[in-house]
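The next block holds one structure in the form of structure tokens; read it before the comments.
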Amino acid sequence: VLGNTSQEVGLFPKGEQVFVKKEIKKLVDGEVDRTGFNTLANNKKGQQMHVRINATCLRDEENNLKSIVAFIENITARKRIELLFKTTEEMAQIGGWEYNPNTEQLFWTDEVYRIYEVQKGEKMTINKALEFYIPEDRKKLNEDLDRVFKDHESYDSEYQIITKNGDKKWVRAMG
């Protein structure tokens, strides 16, 4: 491998070579001090794998490039698990969400967006999410969440929601 280019070694599939070159060029040109990105690479047997590349430049006192240090991590297993989770979530119509009361950040999986008929990626707050629940169930959910945060008790309840498109649905939530 030493003394050969990535094309000669065949490390990156042809479709990925342009992307990888652009990322490394940003380092060499001094646009960024470090970079990290996911891409495809070929293993010794020529099989494609998903990799995470983290790289940084080492420069001298005059800011001349001395070398690039890069770490390549095989993330193929993680990508397979992510795909399996996504497929399972869609088939079972089960979504997941996470709320951090300290930062007030709310995270929804893709399936939760589909269930609530909300555009994927739309910024969601806990108050905005609670508006989907019919008033009596909103009160019940608030009580359930209070028990989780204050008493560290779990809950398993069903609630009725009205989606963004106006459809009525029943959802089951556990936490």
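The values are calculated or read from the model by the stated rules, or taken from the named source; none is laboratory data. Note that the coordinates shown come from a computational prediction; the quantities given were computed from them, not determined experimentally. Reconstructed Cβ throughout: ideal geometry from the backbone, glycine too, with neighbour counts over all protein chains shown. Protein only, heavy atoms only, side chains kept; ligands, DNA and RNA dropped before computing areas. Shrake-Rupley method; radii C 1.70, N 1.55, O 1.52, S 1.80 Å.
The table below lists the values:
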| read-out | value |
| --- | --- |
| Partner aspartates and glutamates for Lys168 [C-alpha distance under 15 Å; skip if fewer than 8 residues away on the same chain] | Glu117, Glu131, Glu136, Asp137, Glu158 |
| All-pairs alpha carbon distance profile, region 81-175, 10 Å steps from 0, percent | 14, 49, 33, 4 |
| Entries of Lys26/Lys66; Lys21/Lys123; Lys22/Lys123; Lys45/Lys79; Lys45/Lys66 with Cα pairs more than 22 Å apart | Lys21/Lys123; Lys22/Lys123; Lys45/Lys66 |
| Alpha-carbon centroid distance for the pair region 48-107 / region 149-163, whole angstrom | 31 |
| Rounded accessible area per residue of the chain, 1.4 Å, Å² | 72 |
| Segment Lys45-Ile94, length gained on full extension (0.36 nm per residue, minus Cα span) | 13.8 nm |
| Heavy-atom accessible area ranking, 1.4 Å probe, most first, across Phe19, Phe37, Phe85 | Phe85, Phe19, Phe37 |
| FRET efficiency for Glu143 and Asn38, using Cβ-Cβ distance with R0 set to 45 Å, rounded to 0.05 | 0.60 |
| Charge-dipole axis of region 41-84 as Lys and Arg at +1 and Asp and Glu at -1 on Cβ define it, positive-most pick from Leu83, Ala41, Asn64 | Leu83 |
| Trp97, Trp108, Trp170, ranked by accessible area, largest first (probe 1.4 Å) | Trp170, Trp97, Trp108 |
| Phi to ³J(HN,Hα) by Karplus 6.51 cos²θ - 1.76 cosθ + 1.60 over region 153-165, Hz, x for Gly, Pro | 9, 8, 9, 8, 9, 10, 9, 9, 10, 10, 5, 4, 8 |
